[in-house]
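Here is the structure we will look at.
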Amino acid sequence: MDVEAAKMIGAGLAVIALMGVGVGIGNIFSTLIASIARNPAARNEVFGIGILGFALTEAVALFALLIAFLILFT
């Protein structure tokens, strides 16, 4: 197998994590909207936790992209 082909396969496998990140972010915001709809008075408490969850989930996406780019360009 060619080295370039192996790099492409490795980068593609590293980017599979982005699918899970997309599902996770959708789940976080759908739960956030549902919880605010059920109890609007708890918006200030729940919103910060939702944004923290979003930031941590997005960090996983950035790490996956970083690994994919490292595999491709090194």
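Since every read-out is calculated from the coordinates, none of them should be taken as a lab result. The model shown is predicted, which means the values in this text are computed figures rather than measured ones.
How tilted is helix 17-38 with respect to the longest principal axis of the chain? Cα atoms for both, answer in degrees (0 to 90, nearest 10). Helix 17-38 sits at roughly 0 degrees to that axis.
Remark: the stretch 3-73 projects, on average over all directions, an area of 4.5 nm² (convex hull of Cα atoms). Relative contact order of the chain: 55 percent, from C-alpha pairs under 8 Å at least 6 residues apart in sequence.
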